[in-house]
Amino acid sequence: MTPLATAHIATQSTPSGVEACAVCHSPGDELSVERVHRVR
Ligand code: HEC
């Protein structure tokens, strides 16, 4: 993973461990996990 991706993930999660990823990467969204990652 690139340093930028690592920083991106760190800034989109809280210190208590809550991840805000679904705000932008929700299923079916243009940037969903299925689209930014190759589904195997
Ligand atoms: C505020 C909106 C937003 C949030 C919240 C968000 N992301 Fe993203 N994410 C983006 C955008 C925009 C991109 C760039 C997509 C592109 O370049 O096509 C991206 C790209 C990525 C990528 C691809 C990075 C790369 O090097 O190609 C990954 C992996 C990712 N996000 C994971 C996460 C994870 C995990 C979380 C939660 C911890 C998260 N994102 C939260 C908007 C967001």
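The values are calculated or read from the model by the stated rules, or taken from the named source; none is laboratory data. Values in this document were obtained by computation on a predicted structure and should not be read as measured data. Here the Cβ is made from the backbone with ideal geometry for all residues, glycine too, and neighbour counts use every protein chain on show.
From the list ARG40, ARG35, the lone residue that is among the basic types (Lys, Arg) and exposed (fewer than 10 other Cβ atoms within 10 Å of the Cβ) is ARG40. Count of the stretch 1-10 residues, restricted to those that are among the hydroxyl-bearing types (Ser, Thr, Tyr) and either touching a residue at least 12 places away in the same chain (Cβ under 8 Å) or within 8 Å of the ligand (Cβ to nearest atom) (or both), is 1.
In the stretch 11-37, how many are modelled with pLDDT under 80 and more than 8 Å from the ligand (Cβ to nearest atom)? Of the residues in the stretch 11-37, 7 are modelled with pLDDT under 80 and more than 8 Å from the ligand (Cβ to nearest atom). Filtering the stretch 1-32 to residues that are surrounded by 10 or more Cβ atoms within 10 Å (Cβ to Cβ) and of a type outside the set (A, V, I, L, M, F, W, C) leaves THR6, HIS8, GLN12, SER13, GLU19, HIS25, SER26, ASP29, SER32.
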